[in-house]
Amino acid sequence: MTAASPPEILRAPLVVEFPFTRSLGPVQSAFLTGLREGVVLGVTTSDGKVMVPPVEYDPVTAEEVRDLVEVGTTGTVTTWAWNGSPRPNQPLATPFAWVLVRLDGADTAILHALDAPGPEAVATGMRVRVRWAGERIGAITDIACFEPAGEADSEAQASPHSGEFADAVTGIIAEARLDYTYSPGRAQTAYIAGLSEQKTIGERCPSCQKVYVPPRGACPTCGVATTDRVEVGPAGTVTTYCIVNIKAKNLDIEVPYVYAHIALDGAGLALHGRIGGIPYDQVRMGLRVEPVWTEGGRYPDHYRPTGEPDADYDVYKELI
């Protein structure tokens, strides 16, 4: 007789992305508008250093910085690393070098890409120049990349600049994106597998006896492994909740609606879920609820009242 093989640990791609909207102060506005116009600006700090990219507050005195200067579009590589496998949305689709470039007239370096045929063509101290994007919009991507420059290129000096441009850039929207290959591990793999059978599986700590849902594989309080699996619920108690009045993108739920922390029967802490089947203004602490599964759903669509009397506060007060 052979022992059963352990369940396969789940893995799946996970993408976290969102648009990040930022308003710009006068320094960053001038810097990005300058890039749109083919001009690179920095700031002069209290100790006389020229910082590119510019900062809004002096790193030594913490005072506001407004003394803008124009620096050159050529510079010197101070350090570099070769990127042989560019990822989507990086500056170049072919292998390139990440470089720190101290532009002529600046005392600090700017990070960007260097278009080079191979790592043998890159060296600390080499001279490079800005390659401007064909269409510039007032963003760091207006510098398409750097490219090698001849030794004959003269070194420009920093010169004062008003920072004033027509139609200044006052805000940016940056698309933030992180790509992962996520594995939930042994404990949460069992939890997810249980949901496919409309069961909620937790794990009990052998020391404090608390049942964690979803399980973490270890008790964060006692620091010991949790291997004893326990089915909890399906019913539970609302411990606390919030009313959502802002409609989320790609979420087809009419506002207002309620999200709540729900302590499933037998669980040692609450999980969150949406409350349905009851007007939002009638949801309350202590409300007894049960899961509602959609056909083919891999987790409860929402929770609805069971019709039972509300739970006494003393029963769930430690789970809030």
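The values are calculated or read from the model by the stated rules, or taken from the named source; none is laboratory data. If you're wondering where the values come from, they're calculated on a predicted model, not measured in any experiment. When we count neighbours, we look across all protein chains shown, and the Cβ atoms used for this are built from the backbone with ideal geometry, even at glycine. To get the accessible areas, we keep the full protein, side chains included, count just its heavy atoms, and leave off ligands, DNA and RNA. Shrake-Rupley method; radii C 1.70, N 1.55, O 1.52, S 1.80 Å.
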Subject >> Residue count, the range 51-97 (criterion: within 16 Å of Leu32 (Cα to Cα), within 29 Å of the chain's Cα centre (by Cα) and not aliphatic (A, V, I, L, M)) >> reply: 3
Subject >> Unique residue being farther than 21 Å from Gly163 by Cβ and either assigned to a strand (DSSP E or B) or of a type in the set (A, V, I, L, M, F, W, C) (or both) when the list is Ala106, Ala97 >> reply: Ala97
Original post:
Of the residues Tyr241, Tyr212, Tyr257, Tyr280, which is farther than 21 Å from Ala311 by Cα and among the aromatic types (Phe, Trp, Tyr)?
Top reply: Tyr257
Original post:
For the range 169-199, how many residues meet the condition of being of a type in the set (Asp, Glu) and under 16 Å from Ala12 (Cα atoms)?
Top reply: 1
**OP:** Provide a single number: the residues in the range 264-288 that are touching a helix residue (DSSP H, G or I) at 6+ places or on another chain (Cβ under 7 Å), among the small types (Gly, Ala, Ser) and open to solvent by 10 Å² or more (accessible area, probe 1.4 Å).
**Re:** 1
Subject >> Any pair with Cβ under 7 angstrom, 6 or more apart, that starts in the range 128-140 at a residue that is among the polar types (S, T, N, Q) and ends at one that is open to solvent by 70 Å² or more (accessible area, probe 1.4 Å) >> reply: none
**OP:** For the range 309-320, name all the residues that are open to solvent by 70 Å² or more (accessible area, probe 1.4 Å) and either part of a helix (DSSP H, G or I) or within 14 Å of Leu195 (Cβ to Cβ) (or both).
**Re:** Tyr313, Asp314, Val315, Lys317, Glu318
Original post:
Given (1) touching a helix residue (DSSP H, G or I) at 6+ places or on another chain (Cβ under 9 Å); (2) surrounded by 13 or more Cβ atoms within 10 Å (Cβ to Cβ), where does Pro26 come up short, assuming only one miss?
Top reply: (1)
**OP:** Identify the residue in the range 47-66 that is among the aliphatic types (A, V, I, L, M) and part of a loop (DSSP other than H, G, I, E, B) and, among all such residues, is most open to solvent (accessible area, probe 1.4 Å).
**Re:** Val60
Original post:
Looking at the range 152-197, which of its residues are farther than 30 Å from Tyr299 by Cα and surrounded by 14 or more Cβ atoms within 10 Å (Cβ to Cβ)?
Top reply: Asp153, Ala156, Ala158, His161, Gly163, Phe165, Ala168, Val169, Thr170, Ile172
Original post:
Which of the residues spanning the range 80-101 are touching a residue at least 40 places away in the same chain (Cβ under 8 Å), surrounded by 12 or more Cβ atoms within 10 Å (Cβ to Cβ) and of a type outside the set (Phe, Trp, Tyr)?
Top reply: Pro91, Leu92, Val99, Val101
Subject >> Residue in the range 25-34 that is hydrophobic (A, V, I, L, M, F, W, C), part of a strand (DSSP E or B) and touching a residue at least 40 places away in the same chain (Cβ under 8 Å) present >> reply: no
Original post:
Picking from Ala158, Ala133, Ala176, which residue would you name as being at pLDDT below 90 and within 29 Å of the chain's Cα centre (by Cα)?
Top reply: Ala176
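To keep it simple, each residue is scored yes or no on (1) surrounded by 12 or more Cβ atoms within 10 Å (Cβ to Cβ); (2) among the basic types (Lys, Arg); (3) part of a loop (DSSP other than H, G, I, E, B); (4) modelled with pLDDT of 90 or more.
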{"position": "Thr239", "(1), (2), (3), (4)": "yes, no, no, yes"}
{"position": "Lys249", "(1), (2), (3), (4)": "no, yes, yes, no"}
{"position": "Ile262", "(1), (2), (3), (4)": "yes, no, no, yes"}
{"position": "Glu290", "(1), (2), (3), (4)": "yes, no, no, yes"}
{"position": "Arg298", "(1), (2), (3), (4)": "no, yes, yes, no"}
{"position": "Gly307", "(1), (2), (3), (4)": "no, no, yes, yes"}
